[in-house]
1. Which of the residues that make up region 59-77 are touching a Pro at 6+ places or on another chain (Cβ under 8 Å) and at pLDDT 90 or above?
2. Out of the residues in region 75-96 that are surrounded by fewer than 12 Cβ atoms within 10 Å (Cβ to Cβ) and touching a residue at least 12 places away in the same chain (Cβ under 8 Å), state the one that is farthest from the chain's Cα centre (by Cα).
3. Taking the stated definitions as given, is Thr106 modelled with pLDDT of 75 or more and of a type in the set (Val, Ile, Thr)?
4. Are any residues in region 116-150 part of a strand (DSSP E or B) and either within 17 Å of Glu63 (Cβ to Cβ) or modelled with pLDDT under 85 (or both), and if so, which ones?
5. When Gly91 is evaluated against the numbered criteria (1) at pLDDT 80 or above; (2) in a loop (DSSP other than H, G, I, E, B), which criterion, by number, is the only one it fails?
Amino acid sequence: MPVIPKDPLEWLALFRQQINEIFNYLSSLDGKTNLGEHEYIPLLDVYETADKFIVEVELPGFETSSLALSICCNTLVVEGMKREASGNRKGSYICLERHFGRFCRTVEIPPTADVEGVTAKYEKGVLSVAFPRLKDKKVIIRDIPIEQGDGNGK
């Protein structure tokens, strides 16, 4: 008998779990032979302190050589590939819940972050990317005057 959630957040968690199961089932129908290998979506946290912005990405079991970080315009791009270790399992799976495969996550960088001073560290399965705040806080929002047209499209 299924457990009936009492809290609305528990209902959402149950709904998310059911949706994940549906998508996992549908992705297994496309003929892939590697059951656990498909698009991987790591969880991440973004927070700020008084002097920096920090992005933490949960990446258990990854090698640093299989991870790549880049900055494109005002976006941090985190990419990687996790493959199942081959040769150490002899037998067939009864349950396979771990995910393997390629991932790409993007995070918008705040305009007051110093992209030149960014640092990254991978420790205990968590990739931490820190952006120091810019020292000279320029005005990042400004008004743009609108000119009145003459009505002729010119």
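1. Initial filter on region 59-77 (touching a Pro at 6+ places or on another chain (Cβ under 8 Å)): 59, 74.
Answer for region 59-77, where residues must be touching a Pro at 6+ places or on another chain (Cβ under 8 Å) and at pLDDT 90 or above: just Leu59.
2. Looking only at region 75-96, we keep the residues that are surrounded by fewer than 12 Cβ atoms within 10 Å (Cβ to Cβ), and these are 75, 85-95.
Remaining after also requiring touching a residue at least 12 places away in the same chain (Cβ under 8 Å): 75, 93.
Working: Thr75: 12, Tyr93: 28 Å.
In this case the residue turns out to be Tyr93.
3. Details: modelled with pLDDT of 75 or more: yes; of a type in the set (Val, Ile, Thr): yes.
Criteria met by Thr106.
4. Here is the first cut: in region 116-150, the residues part of a strand (DSSP E or B) are 119-123, 126-133.
Correct list: Ala120, Lys121, Tyr122, Glu123, Val126, Leu127, Ser128.
5. (1)
The values are calculated or read from the model by the stated rules, or taken from the named source; none is laboratory data. It should be emphasised that the depicted structure is a prediction, and the values quoted were computed from it without experimental measurement. Cβ coordinates were reconstructed from backbone atoms using ideal geometry, including for glycine residues, and neighbour counts include every protein chain displayed.
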